[in-house]
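Accompanying notes for the structure given below.
The values are calculated or read from the model by the stated rules, or taken from the named source; none is laboratory data. Fair warning: this is a prediction, and the values are worked out from it, not measured in the lab. Cβ sites come from the backbone with ideal geometry, for glycine too, and all protein chains shown count toward neighbours.
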Amino acid sequence: MNITTNIGFVLAVSSLVLVVSESVASAACNPPPPECLDTARDTAGYNAGVSMGESLVNQIWNSSAVGQNIDNWDILKQQVDVTIPLLVTSAYKKPVVDQYTDCRIKGLLQGTVCQMNTLDPIPGCQLDGVDWGSISAGVYCGLSVALNGLADVKPWGTPPAGTCGQNFELYCSDVYRYGATYGSNPLSTDVLNFLTTQGIDPADLLQSLYCAPFTVSPFDVVFEDSVAIDCAYTL
């Protein structure tokens, strides 16, 4: 995978997607989860998140880097993997995170995968364990650096429909630890072989070097809990 992350592009996408209005009507490919039907506001948040996810994918698809070319699908996936943590970190680094925000993030994840399926000539599995491990590590690292460490961890988002199950937890946790520790926790042979077959450079999975201190004592328990929770394949 020949990819150079375009940070300027990612940040521009992030700022645009975050301001999607809740008045935008969007047909979610999957209905809101039960907790997002508690109030009209929660449902609106979920639907707004779906619109955000669709917009995110469309902007990357139409970018010069991808150019609506299915041969550049790996670039689209990599940009999705990089951008989602930026959006989630922005949403969750507030003093109080309510159910509305949780529902909006759930919608973001689902809308992203749904739109990827819409554009992909062979729809189905869009995010695998490697993708989810990279995304989840990005969220953990982004919040840890922004908040100077996390006191506890709750699931920030369960894998949406359209996520692969085979070897999901193994690949996710391996990539999560490798990326967040900036390579100090090496990848297993199985994962390295998988990355090779996919043409993925392991260096592309490394998170910020500033994250590594938040993976060891006194944050080691929080970090391991985060890996276990975020990589649990529960649909």
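Quick notes on this one:
- Residue in the range 50-65 that is of a type outside the set (S, T, N, Q), touching an Asp or Glu at 6+ places or on another chain (Cβ under 6 Å) and either outside any loop (DSSP other than H, G, I, E, B) or surrounded by 13 or more Cβ atoms within 10 Å (Cβ to Cβ) (or both) present: no
- Meets criteria (in the same structural domain as Thr197 (by TED's automatic domain parsing), over 19 Å from Ala48 (Cα atoms), assigned to a helix (DSSP H, G or I) and within 11 Å of the chain's Cα centre (by Cα)) for Gly142: no
- Across the range 186-235, the number of residues qualifying as touching a helix residue (DSSP H, G or I) at 6+ places or on another chain (Cβ under 8 Å), without any contact (Cβ under 8 Å) to a residue 24 or more places away in the chain and not hydrophobic (A, V, I, L, M, F, W, C) comes to 3.
- Here is the figure for the range 192-212: residues that are crowded, with 16+ Cβ neighbours inside 10 Å and part of a helix (DSSP H, G or I) total 7.
- Qualifying residue in the range 80-91 (condition: in contact with a Pro (Cβ under 9 Å, 6 or more places away or on another chain) and either of a type in the set (A, V, I, L, M, F, W, C) or assigned by TED's automatic domain parsing to the domain that holds Thr43 (or both)): no
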